[in-house]
Amino acid sequence: MAARLISIDDTATRESLAPAECSLVIGNFDGVHRGHRAILGEAVEHARSSGLETGVLTFAPHPAGVVGRGAPPLLTTLAQRAELTGDIGVERLYVRTFDAAFAAWEPEHFARALVAEMLSARFVVVGENIRFGAKRKGDLALLRRLGPTLGFQVRVATVASDERGPFSSTRVREAIASGDVEEAARVLGRPHVATGVVVRGDQRGRTLQFPTANLDGVAEMLPPRGVYAVTVDRQEGDETGRRFVPVAAGVTNLGVRPTVDGTRLSIEAHLFDFAGDLYGARLRLHWRHRLRDERKFGSLDELKAQIARDAADARDRLART
């Protein structure tokens with residue numbers, strides 16, 4: 001069950017949020033990768049043993065987009081983060097609007113007004129390199145000094161890693177940027193995804209006997225242009241119970257379609273052994289394997305033959321993983 005997604009802005013009050021006392025984890029958690037999951041799992045276990053709920057405090061837009069050099073590419077939407085953290089046992093995902101006014105809060109005010117008073121934190125779980133408040137002046141030492149006065153204890157999260165180093169969102173982004181979607185999956189603990197709505201294309205795939213679902217409105221970071229083996233989920237249910245369920249495996253072309261002189265980046269997924277109308281459906285593609293770079297072919301017949309080889313390659317790769 002997804003965590004309850006709760007937006008916080010300057011008009012929010014403790015009464016409007018009606019929070020229960022909680023164990024509060026502070027961080028961005030974009031990707032909810034294996035390192036994040038270790039932190040959150042530890043926090044959930046501790047909260048339950050203390051009779052508390054677990055809340056996560058994160059920020060949107062990304063603070064670096066307001067006070068830094070620009071926000072990094074998005075790995076997971078807030079809705080996805082609510083799904084993924086909820087699967088771990090987090091009850092509430094608080095999203096504090098990050099703007100220039102909030103960035104100017106002094107660290108002491110951040111800890112008192114937001115963490116202690118508004119969110120009723122009794123335990124605060126953070127990384128040892130935490131920075132908060134105006135000009136990032138707040139740190140772990142300050143938070144520990146403030147805790148006894150404000151009624152919370154501070155716990156430092158354990159850093160999870162493998163032989164290549166700590167799990168991090170930066171590692172995931174670097175892997176995706178290089179097209180190494182398998183390495184991204186190793187760090188995330190699952191494949192990276194692209195989520196969007198199926199829209200009408202030029203239906204050229206049908207003429208090549210490889211009909212495709214054309215995905216639009218994708219917010220997540222995309223890998224480099226090329227051809228990928230994917231698995232595909234479809235969103236079902238209503239607002240009270242939406243979920244993604246598996247639909248099919250497939251092969252996806254991410255690119256500008258140079259063989260037909262295309263210029264617009266498109267995501268076209270051919271689903272294996274699937275028959276049905278997907279227009280308007282919300283799909284989630286799981287990037288499983290990169291098969292090749294995008295290329296320009298001399299004719300549509302050459303392109304059709306290559307798509308057939310790509311489909312066979314994708315089936316084989318997916319069957320072995």
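Modelled spin labels at V66 and A275, positioned 7 Å past Cα toward Cβ, are 5.3 nm from each other. Using only alpha carbon pairs under 8 Å that are at least six residues apart, calculate the relative contact order of region 113-173 and give it in whole percent. Averaging sequence separation for qualifying contacts and normalising by length gives 34 percent for region 113-173. Distance between the C-alpha centres of region 10-60 and region 225-302: 35 Å, rounded to the whole angstrom. Phi angles of region 57-67 translate, via the Karplus equation with coefficients 6.51, -1.76, 1.60 and θ = phi - 60°, into HN-Hα couplings of 10, 10, 9, 8, x, 4, x, 5, x, 9, 10 Hz per residue; Gly and Pro are given as x. In this simple spin-label approximation, R145 and A177 carry label points 7 Å from Cα along the Cα→Cβ vector, and these lie 3.7 nm apart. In this Cβ point-charge picture (+1 for Lys and Arg, -1 for Asp and Glu), region 4-162 has a dipole of about 360 debye about its Cα centre. Listing S266, S120, S299, S50 from fewest to most neighbouring C-beta atoms within 10 Å gives S299, S50, S266, S120. Among the listed options [x] 1.04; [y] 0.95; [z] 0.99, the one matching Rg/Rh (Cα atoms, Kirkwood Rh) as calculated from these coordinates is [x]. Dipole check for the chain: with +1 at the C-beta of Lys and Arg, -1 at the C-beta of Asp and Glu, and the Cα centre as origin, the magnitude is about 480 Debye.
Maximal additional length on extending the R131-E302 stretch stands at 56.1 nm, based on 0.36 nm per residue less the C-alpha distance. For region 191-319, what does the relative contact order come out to in percent, with C-alpha contacts under 8 Å and a separation of six or more? Relative contact order here is 33 percent.
The mean sequence distance of close C-alpha pairs (under 8 Å, at least 6 residues apart), as a share of the length of region 4-162, puts its relative contact order at 30 percent.
Values in this text are rule-based calculations from the coordinates and carry no lab data. Bear in mind that the values here come from a model prediction, so they are computed numbers and not experimental data. Counting neighbours? That spans all protein chains shown, and the Cβs are built from the backbone with ideal geometry, glycine included.
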